[in-house]
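Read the structure below first, then the notes.
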Amino acid sequence: MLHNERVDRLLENEAAVPFSSRSHFFMTMSCNNITKLNNSSNPTVLALKIPVKTGLFPNSTTLRRSRFKHSSSHNVRSTFIDYFVGKYEHKFIKSSSVVPLCDPTVPFVNAGMNQFKGIFLGKTKEPCLRAVNSQKCIRVGGKHNDLNIVGRDGHHHTFFEMLGNWSFGDYYKNEACQMAWNLLLGPYGLKPENLVVTYFSGDPALGLKEDIECRDIWKSIGVKSSHIKASGASDNFWEMGPTGPCGPCTEIYYVDSNGNLTEIWNLVFIQYNREDDGTLTGLPMHHVDTGMGLERLTALLQSVPSNYDTDLFQPIIKAIEKMSKHCTPYSHKFGNSETLDNAYRCLADHSRMISVCLADGVFPTSSEDIFKCNNGMLSDLYDRVADSLGATYPELHEKRKESKIIIDYEEQSYAKLRVNLKKKWKDLIKQYPEVENFHDVELSGFADGYRHFKQAITQNKSTMMPADVIFKLYDTHGFPEHIIERIAELNNLTMDKGGFQNLLMQHKSRHKTAFKEQTDGVFETLDSDVMLNDLVSLKIDSERRLKIMRNHTGIHLLNAAIRKVLSDSVVCQMGSNVSDKGMLLYLSLYGKKISHEIVMETQNLASKIITMDLPIQTTLVNGIELSQKSKVLTVPGEIYPETGLRLVEAETDDFVSRELCCGTHLPSTGHVKDFCITLVKGAGSNSPSIQAVTGDEAVQVRDLWSRAHKLQEIVDMIEPQRLKEEAIDIQEKLTNLCGSSGKPYGEHAHCLELLDRLKKQATIKNDLALQTLAEAEMTELVDEVEKKGQKFIVHFLRCSYLMDTVYVSAALSPCDNTPALVMGCANGIIHAACRIPQSYINENFNAVKWISCILPIFKSELAPSKQDQSSLLFAAMIGTKVSLITCEQLVQDAMFAATKYADTHIVNTVRDPQHKYRDSSNEDSSQVDYKMEVFKSFLKSQQRTDDWWLRLSMGGGDHVPTARMLVCPLKIPLNKKKTLYTLT
């Protein structure tokens, strides 16, 4: 274990000074503890220099440090690895990612042995008998959590490198101790009198005896008895977590010239497994797991007082000083009052941790997962970290661009968050003054969450915060547990932590995601009962299974293609949904947002890979083998088994699809057949989802797209109604294939837009034909009025029912010499306009006054007049929605009012006393027959019959208009209101 408080216990010294609670550190990349140096203080960080015994050894003042000449951190690391590889035939195993793919017990890799845990448990075959590496480790949660100590002493870190050597059932205690001692005294040049070793003193509670074997090995090597100390389980029994491999350990300490001890190497002899019930069971084979912190060893060999004074940290601290010119430079001081130096150390430490996490593909998971730092500072510090560690961990260079994109976005998000919180915070303090105590909390959901808490507590009237309230604050409002604890303490409440943990476990079990083969409906099921050991015949729904295989392989191609297209952005798969109907890929995206062009390019790339018919290779690997491979896509937060991992690959020189997946796949990409992206949700957000289809469904979609384009080519040769019907038919079939849960994108969107345009064209062509008919009707009407000596026209356009828009003003064009007021109804909207020749204008009769007499009837208003038109000569009513029930009566009332007004106010009107209204019965049969022929010709052009008009009924009457009624002039008496027809 790497805790100096254990040195205190070893030397029987006083306990460590208590420290204040730190801001919550989220397990997937929140950095709430990075200090803003502009404020030159960090109220949540206290410094603590852990006291140790001095003068423990009489001759301590004569002790000297290392004779190691090339003490750069790079040489310290390479010397360790070369020593075990060259002298003791260990195999170098590169560091795994800091994200544990196969271990649900820890949030991050926190020790060098994590990637070998399966070997210790006998689940995974060892890659070699002897191994050595430098493992990236992060300790911000769980059993080993150094977050609250960082900055307060000189040797604890959230990120550190663990130098280690392992034996998997090969050598054991004797060889391990001898190898360690020889390295320290040999290549590293330490003096034996400067070193102290400890061993396990036993633990009666665990039923474990003193490790006398280890003590005697050290004596045989030559360590003096005065430099060998026994210690209990808390110090010398190593455990990675609450469960898992464990065993007694021996530790090596360095004693400086003042007699202070610093632990530098821990040798663990793994021979037990801690079970869920706390008991220890022996492992089938014994192993050796050693760990030596590179940072501490480098400080020792470079003869500097703390890790922060080594070449691993000084370039970062110097960069912070340069970017914070208004702040006092780093002064290397420790103490409760040294808040600025503590802040330097925190920022330097956290910048290393964040950089390594980002390079290993760790993503922020919510709006609260933000990096709180001055603009641009963290991005610049990433460069310093890459310069320091990039030669050993090249992913820091490879992922530099992607990491900076995320950093920049999160810094901008944090700036926006602070702006939004400012007003909410003021309002909350007015309502609940006590929240002043939470001035250090920056959560977007804090105000809403605290109000919910207060309301719930008021209703509950209890001294305990209920489990459901705790869970609501945690899950819905995003409150960390330690913030909830502070809220409870502030309000003098206890917490139902047990109930909360139960709710949390239930939530996790309901929402746990895992890659599972889609089997629902693949197998035929039996109606009868099946007993254990019964023989059954398994039948596979081969058609459905093939569709699922195509979509499984298709979503891998989609995942790889979108990354290739968005090469200047950061793309992370957050989940997926595959069925026989299609696929849905959920992403987290930084950089460019999803656009039609990106969708088209992605679809074309995936289609190209399909036509290349690349072989799809499926390889079974274990967790260790997986950690040695590059560019393997995994889902963040997903826990994979340690063995039997299926790595599915398809690649060319410039295209790589490499994912873990237990789904069923095709033998080659050509079997996907076809691929079409159809819908996208949240295209403009950082969490888009992309829907696509493959196989026969994709072929059908492409056929429909092609059919739409063919329809466009013959638009001038097809009748409007047929054009509209064809467009609607294609749209309906596309909806059935592609669904509607999302926004159409790419070629699918272009096709739907084309179909909408074609439908609109059909409508316009139809309206133009009807408008021509209306104008012809008005021309005949004008001629007839003039022949009979009438001075005005009030007319309702019957064919307006068939239009999408009524162009009543255009219908007035034939009325140059006759005052005319025309109305029409389309889609339940009444339009009206009038035109009056100049010779008819008088004090009481003009266009505005005439149209105004019908406005109250429809509860409408006068339409604004155009600049090039005189309101005396032309006026129109704003189109008004009318009730289907009252439409008929309103139209008749309006026509009566308009007729009466004109009859009253037109001067010198000469009328035939026998002709009070236009009656189609007075027309000779030749005129009616001619109109019928015109109308039937129109019906034929629309491929309709007389019966079709029946479907135009808007309800509310006893009669439906026949073709004759539609073309004949409206019958309306001048002297009374009488319903002579039913408006439909």
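The values are calculated or read from the model by the stated rules, or taken from the named source; none is laboratory data. Please read these numbers as outputs of a predicted model, since none were measured by experiment. Cβ atoms come from the backbone with ideal geometry, glycine included; neighbour counts cover every protein chain shown. Ligands, DNA and RNA are stripped out before the accessible areas are found, and what is left, the full protein with its side chains, is counted by its heavy atoms. Shrake-Rupley method; radii C 1.70, N 1.55, O 1.52, S 1.80 Å.
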Which order do the peptides 894-900, 156-162 come out in when sorted by mean C-beta neighbours inside 10 angstrom, highest first?
156-162, 894-900
Rounded, prolate or oblate: which fits the stretch 73-304, taking a ≥ b ≥ c as square roots of the Cα gyration tensor eigenvalues, rounded meaning a/c under 1.5, else prolate when a/b beats b/c?
rounded
Any idea of the accessible area per residue across the stretch 312-420, 1.4 Å probe, to the nearest Å²?
39 Å²
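Longer than 30 Å from Cα to Cα, which of Lys123/Lys547; Lys673/Lys710; Lys91/Lys191; Lys765/Lys859 are they? Say none if no pair is.
Lys123/Lys547; Lys765/Lys859
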In square angstrom, what is the accessible area per residue of the stretch 791-905 with a 1.4 angstrom probe?
42 Å²
What nm distance separates the two modelled labels at Ser72 and Arg722, each placed 7 Å from Cα along Cα→Cβ?
8.2 nm
Relative contact order (%) - criterion: Cα under 8 Å, at least six apart; region: the stretch 546-709
29 percent
Once you place label points 7 Å from the Cα toward the Cβ at Ser537 and Met285, how far apart are they in nm?
4.7 nm
Give me the aspartates and glutamates in straight-line cross-link reach of Lys424: C-alpha distance below 12 Å, same-chain residues under 8 apart excluded.
Glu442, Asp448
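At a Förster radius of 45 Å, what calculated FRET efficiency corresponds to the Cβ-Cβ distance of Glu638 and Ser462, to the nearest 0.05?
So, using R0 = 45 Å, E works out to roughly 0.70.
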Give me the percent of the accessible area of the stretch 546-709 that comes from carbon and sulfur atoms, probe 1.4 Å, all protein chains in place.
50 percent
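Which number comes out as Rg/Rh for the stretch 791-905 once both Rg and the Kirkwood Rh are worked out on C-alpha atoms?
0.94
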Potential extension, Phe92-Asn844 segment - 0.36 nm per residue separation minus Cα distance
260.3 nm
Let me have the relative contact order for the stretch 73-304, percent, based on Cα pairs under 8 Å that are six or more residues apart.
21 percent
List the residues of the stretch 747-772 whose backbone N lies under 17 Å from a point placed 7 Å from the Cα of Ser813 along the Cα-to-Cβ direction.
764-772
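Taking all protein chains in place and a 1.4 Å probe, what share, in percent, of the accessible surface of the stretch 90-147 do carbon and sulfur account for?
Heavy-atom surface of the stretch 90-147 belonging to carbon and sulfur, 1.4 Å probe: 55 percent.
Mind checking the stretch 198-288 for GluC sites (Glu not before Pro) that DSSP puts in a loop (not H, G, I, E or B) and that have at most 14 other Cβ atoms within 10 Å?
Glu210, Glu275
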In nm, what is the difference between 0.36 nm times the number of residues separating Met323 and Asn174 and their Cα-Cα distance?
48.5 nm
Given the pairs Lys117/Lys629; Lys454/Lys508; Lys117/Lys173, which are separated by over 21 angstrom at their Cα positions?
Lys454/Lys508
How high is the relative contact order of the stretch 791-905, given as a whole-number percent (alpha carbon pairs under 8 Å, six or more residues apart)?
25 percent
Only Lys, Arg (+1) and Asp, Glu (-1) charged, at Cβ; the stretch 588-698 dipole about Cα centre in debye
320 debye
Computed E for Ser595/Asn491 - FRET, C-beta separation, R0 51 angstrom, nearest 0.05
0.55
For the stretch 74-130, shape from the Cα gyration tensor axes a ≥ b ≥ c, cut at a/c of 1.5 then a/b versus b/c, turns out oblate
Could the peptides 840-852, 491-503, 107-119 be put in order, highest first, of the mean number of other beta-carbon atoms found within 10 Å of their residues?
107-119, 840-852, 491-503
For Asn604 and Lys401, what is the calculated FRET efficiency with R₀ set at 30 Å and r taken between the beta-carbons, to the nearest 0.05?
0.75
Using 0.36 nm times the number of residues separating Ile221 and Glu434, minus their current alpha carbon distance, what extension gain do you get?
70.3 nm
Placed amide H near Ala826: partners under 5 Å, 5+ positions off or other chain
His831
Give the shape of the stretch 151-212 as rounded, prolate or oblate, defined through the alpha-carbon gyration tensor: a ≥ b ≥ c are the square roots of its eigenvalues, a/c under 1.5 means rounded, and otherwise the shape is prolate if a/b is larger than b/c and oblate if not.
oblate
Which percent of the accessible heavy-atom area of the stretch 312-420 goes to carbon and sulfur, probe 1.4 angstrom?
50 percent
Need one number: nm distance between label points at Ser509 and Val656, each 7 Å from Cα along Cα→Cβ, rounded to one decimal.
4.0 nm
May I ask for the Rg/Rh ratio of the stretch 720-766, computed from Cα atoms with Rh as the Kirkwood radius, given to two decimals?
1.01
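Taking only pairs that are 8 or more places apart or on different chains, how many Lys pairs in the stretch 266-422 have Cα atoms under 18 angstrom apart? Could you put the intermediate results ahead of the total?
Details: Lys318/Lys333; Lys372/Lys404; Lys372/Lys416; Lys372/Lys422.
Final tally of qualifying lysine pairs is 4.
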Over the stretch 413-464: Rg over Rh, Cα atoms, Kirkwood Rh:
1.03
